[in-house]
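First up is the structure itself, then whatever we jot down about it.
The values are calculated or read from the model by the stated rules, or taken from the named source; none is laboratory data. These figures come from a predicted structure and were not determined experimentally. So basically every Cβ, Gly included, is an ideal-geometry build from the backbone, and we count neighbours across all protein chains shown. When the accessible area is computed, the model is the full protein with side chains, heavy atoms only, and any ligands, DNA or RNA have been set aside. Shrake-Rupley method; radii C 1.70, N 1.55, O 1.52, S 1.80 Å.
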Protein chains: 2
Amino acid sequence: MQGREFKDAMYDGLAKLMKALANPARLEIIEMLAQGEKSVEGIVQATSLTFANASQHLQVLKNNNIVKSRKEKQYVFYSIINDEFLSLYQHVIKYAVQEIAELEKTLNRQREDNKASNSVSLDELETMIHNKNVLLMDVRPSAEFEFDHISGAISVPMKELLCCLKDFSKEQEIIAYCRGPFCVLADEAVRVLSEKGFKVRRLDEGYPEWKIRQLEKN
Amino acid sequence: MQGREFKDAMYDGLAKLMKALANPARLEIIEMLAQGEKSVEGIVQATSLTFANASQHLQVLKNNNIVKSRKEKQYVFYSIINDEFLSLYQHVIKYAVQEIAELEKTLNRQREDNKASNSVSLDELETMIHNKNVLLMDVRPSAEFEFDHISGAISVPMKELLCCLKDFSKEQEIIAYCRGPFCVLADEAVRVLSEKGFKVRRLDEGYPEWKIRQLEKN
DNA sequence: CAAGTATTCAATAGTTTTATTGAATACAAT
DNA sequence: ATTGTATTCAATAAAACTATTGAATACTTG
């Protein structure tokens with residue numbers, strides 16, 4: 001194999017991988033699957049995609065070694081293929097929100113809006129934990145909670161949330177958090193819980209921002 | 001801003017970034033610029049692109065905050081925008097050659113073809129350099145060496161390698177490196193030198209990977 | 001100022017990607 | 001077997017991307 005031939009093969013292959021990531025619908029699917037496996041139906045419900053379209057995008061992701069699938073009964077469950085990809089994806093996100101002005105601005109505006117709604121800031125959280133009887137709920141997958149979490153939090157992964165409802169009091173104030181403003185888990189938790197009549201708000205930031213604060217304190 | 005609106009803005013922006021990377025010609029340009037700044041002409045000479053086409057791709061990269069340019073006399077020099085992007089790019093490459101079977105195979109076949117199988121890792125290099133009886137040889141073009149290089153290396157560009165053979169001892173162990181797994185220069189150097197009876201191996205990675213390590217140490 | 005060089009711009013045709021539509025499977029439950 | 005449900009397949013038109021071409025700029029040098 002000559003040098004030119006080799007380069008072409010490598011750059012074509014690399015471009016193929018990047019192309020698989022170069023679509024907003026597929027990125028949303030990836031973000032969703034980063035939080036745990038989901039059936040095609042689950043993805044359709046959480047996005048504005050049609051069944052056929054979601055399935056098509058999933059095929060693209062599968063053919064590019066980004067997701068894997070398993071079949072159970074008549075359902076097909078998709079998930080991120082491995083932790084290496086997850087780590088790469090998180091690196092991309094981190095770069096994008098830190099270095100791309102446009103995205104940084106969008107994210108900050110969203111944070112402002114969250115504050116304007118009734119989300120709780122890290123500062124407020126601190127005083128609330130001192131004074132009141134609040135329940136701090138980490139809704140990320142349990143593996144992430146076990147790795148590290150905001151001190152005082154309990155782990156209630158999204159997929160277990162519905163079965164655990166009876167364990168919580170409707171008198172107690174609940175604060176839900178996940179990975180940050182980009183993560184949709186906390187929003188979902190707030191929606192589900194408030195529909196059921198709980199007093200629940202979300203933390204406007206998430207675990208990574210809390211961690212950074214802790215490090216800054218030292 | 002509603003949740004849906006926010007998501008669309010974020011995923012569209014993210015997809016825009018990935019699209020800028022989703023093209024083999026642009027990836028080759030990035031790989032080249034990762035080794036130091038280059039004029040448009042420099043890029044045209046090293047690739048099979050036309051002037052207009054190279055310029056167009058550079059505009060795309062510039063509009064997506066991947067490269068920056070400066071003008072000197074009538075020349076425009078392009079370079080990677082910052083170390084954060086370089087680190088992200090390295091992560092992508094590392095993921096691709098480790099996790100994508102097709103690319104891994106292509107890369108390994110290339111390495112086999114160049115008989116560079118017993119390569120040296122960056123870790124090994126560090127301990128070898130302590131023992132002092134090793135010659136670290138940078139076989140990239142001298143411009144790239146002058147821009148920056150692994151500390152302790154000497155510059156022996158490929159095209160000068162054959163005329164300089166008499167300067168080296170066959171007793172001394174030689175380690176050749178270039179730009180990383182994609183770069184074929186080191187493989188060629190190893191082939192040429194071992195044919196002549198020198199004790200030579202290649203570094204399995206290259207300058208960009210070393211640079212990233214240095215940055216991580218701080 | 002004129003000529004030369006490096007780079008960019010603008011238009012375009014060919015190619016690829018995308019969402020949509022309407023079937024076609026594959027499997028489970030009855 | 002028949003029905004119902006979840007998913008995939010196949011075809012297609014619209015949109016986006018790409019390389020090519022032939023100018024147009026911008027800057028330097030003489």
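Restricting the search to the stretch A:14-53, which residues are surrounded by 20 or more Cβ atoms within 10 Å (Cβ to Cβ), in contact with a Pro (Cβ under 9 Å, 6 or more places away or on another chain) and in a helix (DSSP H, G or I)?
A:LEU14
Is it true that some residue in the stretch A:57-67 is outside any helix (DSSP H, G or I), away from chain B (no Cβ under 14 Å) and not aromatic (Phe, Trp, Tyr)?
First, the residues of the stretch A:57-67 that are outside any helix (DSSP H, G or I): A:64-67.
From what's left, away from chain B (no Cβ under 14 Å): none.
The answer is no; no qualifying residue exists.
Considering every residue within the stretch A:119-129, establish whether at least one is assigned to a helix (DSSP H, G or I), over 16 Å from the mean Cα position of the chain (by Cα), among the β-branched types (Val, Ile, Thr) and not assigned by TED's automatic domain parsing to the domain that holds A:ASP167. Quick ask: steps written out before the conclusion?
First pass over the stretch A:119-129, keeping only residues assigned to a helix (DSSP H, G or I): A:122-129.
Filter again for over 16 Å from the mean Cα position of the chain (by Cα), leaving A:122-129.
Then drop every residue that is not among the β-branched types (Val, Ile, Thr), which leaves A:127, A:129.
Next, from what is left, pick out any that are not assigned by TED's automatic domain parsing to the domain that holds A:ASP167: none.
No, there is no match, as no residue in the stretch A:119-129 is assigned to a helix (DSSP H, G or I), over 16 Å from the mean Cα position of the chain (by Cα), among the β-branched types (Val, Ile, Thr) and not assigned by TED's automatic domain parsing to the domain that holds A:ASP167.
Rundown of residues vs (1) in contact with a strand residue (DSSP E or B) (Cβ under 6 Å, 6 or more places away or on another chain); (2) more than 24 Å from A:ASN82 (Cβ to Cβ), yes/no style:
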residue	(1), (2)
B:VAL76	yes, yes
B:TYR89	no, no
B:GLU112	no, yes
B:GLU124	no, yes
B:PHE145	yes, yes
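Could you list all residues from the stretch B:54-80 that are open to solvent by 30 Å² or more (accessible area, probe 1.4 Å), more than 10 Å from DNA strand C (Cβ to nearest atom) and in contact with a helix residue (DSSP H, G or I) (Cβ under 8 Å, 6 or more places away or on another chain)? Spell out how you get there, then give the answer.
Step one: filter the stretch B:54-80 for residues open to solvent by 30 Å² or more (accessible area, probe 1.4 Å), giving B:55-56, B:59-60, B:62-63, B:65, B:68-77.
Remaining after also requiring more than 10 Å from DNA strand C (Cβ to nearest atom): B:60, B:65, B:68, B:70.
Listed by number, the residues that qualify are B:VAL60, B:ASN65, B:LYS68.
Return the total of residues in the stretch A:128-147 being at pLDDT below 85, closer than 15 Å to A:ALA34 by Cβ and not acidic (Asp, Glu).
4
For B:GLN35, work out the one condition from (1) more than 15 Å from DNA strand C (Cβ to nearest atom); (2) in contact (Cβ under 8 Å) with a residue 40 or more places away in the chain; (3) within 13 Å of another protein chain (Cβ to nearest Cβ) it doesn't fulfil.
(3)
Here is a yes/no grid of residues against (1) farther than 20 Å from A:LYS196 by Cα; (2) open to solvent by 80 Å² or more (accessible area, probe 1.4 Å); (3) of a type in the set (Ser, Thr, Tyr); (4) away from chain B (no Cβ under 14 Å):
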{"residue": "A:ASN118", "(1), (2), (3), (4)": "no, yes, no, yes"}
{"residue": "A:GLU126", "(1), (2), (3), (4)": "yes, yes, no, yes"}
{"residue": "A:PRO141", "(1), (2), (3), (4)": "yes, no, no, yes"}
{"residue": "A:GLU144", "(1), (2), (3), (4)": "yes, no, no, yes"}
{"residue": "A:PHE147", "(1), (2), (3), (4)": "yes, yes, no, yes"}
{"residue": "A:GLY152", "(1), (2), (3), (4)": "yes, no, no, yes"}
{"residue": "A:LEU161", "(1), (2), (3), (4)": "no, no, no, yes"}
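Examine the stretch B:83-97 for a residue that is open to solvent by less than 80 Å² (accessible area, probe 1.4 Å) and within 11 Å of DNA strand C (Cβ to nearest atom), and state whether such a residue exists. First the steps, then the outcome.
Going residue by residue through the stretch B:83-97, those that are open to solvent by less than 80 Å² (accessible area, probe 1.4 Å) are B:83, B:85-93, B:95-97.
Within this subset, residues satisfying the condition of being within 11 Å of DNA strand C (Cβ to nearest atom) are none.
No; the residues of the stretch B:83-97 include none that is open to solvent by less than 80 Å² (accessible area, probe 1.4 Å) and within 11 Å of DNA strand C (Cβ to nearest atom).
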